[in-house]
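The values are calculated or read from the model by the stated rules, or taken from the named source; none is laboratory data. Because the structure is a prediction, the values reported are computed rather than measured. Cβ sites come from the backbone with ideal geometry, for glycine too, and all protein chains shown count toward neighbours.
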Amino acid sequence: MFRKLLLFALIGLLSLCATAQDSKFIVAGKLKGQGNWASYFLTNMQNEVLSNNTTLVKDDKVDFSFDLEELGWFSIFTGNRRLYMPAIPGETISINGDIDDYTVDGSSLYKEYNENLTATRPLLQKYWKYDFKQECQGEIAGKSSEEVFDLYQRKLRENYQPVTESVLSFIRNHADHESSMMVLDFLNYVEDIERAGDIISEQVLDGRMNPYYKASLERTTSGAFLLEKMAPDFNLNDVDGKSLPLSSLRGKWVLLVFWSSTCGNAISRFPAMKEAYAKYKDQVEFLGVDCEDDEAGWKSAVKGFALPWLNVYDVFGYDDPQSPFTLYDVTALPSFYLVAPSGKVAMKGGSVDDFMPLFKILFE
């Protein structure tokens with residue numbers, strides 16, 4: 001009897017150890033370009049921060065370990081540079097190279113993910129180097145900023161097509177592999193994600209990696225119904241208690257920034273936002289909207305983070321139909337919406353970096 005009890009206890013202990021090991025997500029390697037300080041983030045599929053560690057970088061090393069019980073995202077921020085990839089429980093991966101040109105090694109999942117990176121990165125780099133002003137200078141002469149914007153959006157989509165086709169080709173070749181779900185974040189348009197969903201095998205699509213598919217659909221559809229429509233108006237108070245309707249800014253480009261002081265991703269974007277604001281504040285009005293903090297906490301955060309742009313507090317809360325978070329279908333923080341001088345919603349994004357190429361074209 002004692003031997004049986006001892007055996008059961010040993011089996012239980014081994015089971016616990018296996019469970020603990022299965023929940024570990026470990027990242028190691030050497031990554032140039034991190035600078036002296038880097039911020040390491042681990043978030044779940046709802047973009048809630050599970051770990052946020054800003055640390056001194058020594059000898060370009062990456063050394064990160066965390067208990068992860070669900071699919072999520074791992075990211076490294078340093079200045080305006082960012083590395084971002086799927087985080088999967090039980091995986092140990094190695095990242096080596098430069099933060100803008102790295103390789104990923106580890107399990108077959110991440111080896112295949114790196115296969116996609118290798119094929120797609122040159123196309124992405126070509127896309128990033130596309131010079132709209134140079135290529136279209138004859139077409140934009142004498143055009144209004146909104147007309148230039150419309151042409152810019154169309155040209156961007158055309159030039160992103162090689163990236164889209166590269167990713168879809170990878171998915172076709174890995175339709176029965178879970179890695180096909182890891183590359184969906186490279187697709188920018190809902191119809192392309194739906195195409196991918198038609199290619200991926202049903203077993204994989206409905207398996208444990210399904211949250212990546214759902215997140216990609218949500219990323220491309222959330223708020224998309226607003227594009228090219230008049231921006232829903234709202235009227236909230238600023239930090240001085242003065243009424244500030246969105247419509248009062250009509251005639252200007254306005255960047256709506258939905259944020260919270262409890263959101264590590266939002267906070268990590270403040271340096272880049274301040275840099276952009278300092279450069280383009282005469283052409284673009286930034287308007288921060290917060291509804292997660294209490295009012296005192298919001299005012300304290302605006303002051304503590306020294307946010308120089310306009311800020312208003314949403315007193316309604318998520319579930320109220322009058323809340324800007326409801327009006328703009330905000331499902332993740334931070335979220336950004338660019339409103340044109342005409343009052344129409346022109347563009348949405350997840351970072352101020354998404355808008356910088358456009359600002360450079362319109363205002364420089």
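With respect to D192, is the statement that it is among the acidic types (D, E), assigned to a helix (DSSP H, G or I) and closer than 15 Å to N114 by Cβ true? Criteria not met by D192. In the stretch 175-201, which residue that is over 27 Å from G349 (Cβ atoms) and either modelled with pLDDT under 95 or in contact with a helix residue (DSSP H, G or I) (Cβ under 8 Å, 6 or more places away or on another chain) (or both) is surrounded by the most Cβ atoms within 10 Å (Cβ to Cβ)? Taking the candidates together, the pick is E178. If the condition is being in contact with a Lys or Arg (Cβ under 7 Å, 6 or more places away or on another chain) and either of a type in the set (A, V, I, L, M, F, W, C) or free of Cβ contacts under 8 Å to residues at least 60 places away in the same chain (or both), then the stretch 189-225 contributes only I199. From the list F234, F286, F258, F270, exactly one residue is surrounded by fewer than 19 Cβ atoms within 10 Å (Cβ to Cβ), hydrophobic (A, V, I, L, M, F, W, C), in contact (Cβ under 8 Å) with a residue 24 or more places away in the chain and not assigned by TED's automatic domain parsing to the domain that holds A38. Which is it? Checking each option against the conditions leaves just F270.
Among the residues of the stretch 300-336, those that are assigned to a helix (DSSP H, G or I), aliphatic (A, V, I, L, M) and touching a Leu at 6+ places or on another chain (Cβ under 9 Å) comprise A301, L327. The set of residues in the stretch 327-350 being surrounded by fewer than 18 Cβ atoms within 10 Å (Cβ to Cβ) and among the polar types (S, T, N, Q) consists of T331, S342. Look through the stretch 183-221, keep the residues that are among the polar types (S, T, N, Q) and within 13 Å of the chain's Cα centre (by Cα), and return whichever of them is farthest from V167 (Cα to Cα). The extreme case among them is T220. Of the strands (runs of 3 or more DSSP E) lying entirely inside the stretch 204-299, the ones with 3 or more residues being in contact with an Asp or Glu (Cβ under 9 Å, 6 or more places away or on another chain) and closer than 23 Å to D354 by Cα are found at 253-259. Just one residue in the set I93, I88 is among the β-branched types (V, I, T) and either over 21 Å from K30 (Cα atoms) or within 20 Å of the chain's Cα centre (by Cα) (or both); that residue is I88.
Scanning the stretch 326-364 for residues that are of a type in the set (S, T, Y) and within 21 Å of D185 (Cα to Cα), which turns out farthest from the chain's Cα centre (by Cα)? Per the criteria, the residue is Y337. Does R172 satisfy the condition of being surrounded by fewer than 15 Cβ atoms within 10 Å (Cβ to Cβ) and in contact with a Leu (Cβ under 9 Å, 6 or more places away or on another chain)? In short, no. For the stretch 134-141, state whether one or more residues are more than 28 Å from T103 (Cβ to Cβ) and crowded, with 16+ Cβ neighbours inside 10 Å. Yes; the residues of the stretch 134-141 include at least one that is more than 28 Å from T103 (Cβ to Cβ) and crowded, with 16+ Cβ neighbours inside 10 Å.
For the stretch 342-362, the count of residues that are of a type in the set (V, I, T) and part of a helix (DSSP H, G or I) is at least one.
When only residues in the stretch 56-96 that are at pLDDT 85 or above and of a type in the set (S, T, N, Q) count, which is surrounded by the most Cβ atoms within 10 Å (Cβ to Cβ)? Among residues in the stretch 56-96 that are at pLDDT 85 or above and of a type in the set (S, T, N, Q), the one surrounded by the most Cβ atoms within 10 Å (Cβ to Cβ) is S75.
Against the conditions (1) over 22 Å from N210 (Cβ atoms); (2) part of a strand (DSSP E or B), K58 satisfies every one except (2). Identification of strands (runs of 3 or more DSSP E) wholly contained in the stretch 71-137 with 2 or more residues that are of a type in the set (F, W, Y) and in contact with a Phe, Trp or Tyr (Cβ under 8 Å, 6 or more places away or on another chain) yields 72-78. For the stretch 38-47, taking the residues that are surrounded by 15 or more Cβ atoms within 10 Å (Cβ to Cβ) and not β-branched (V, I, T), the one that is nearest to the chain's Cα centre (by Cα) is identified as N47.
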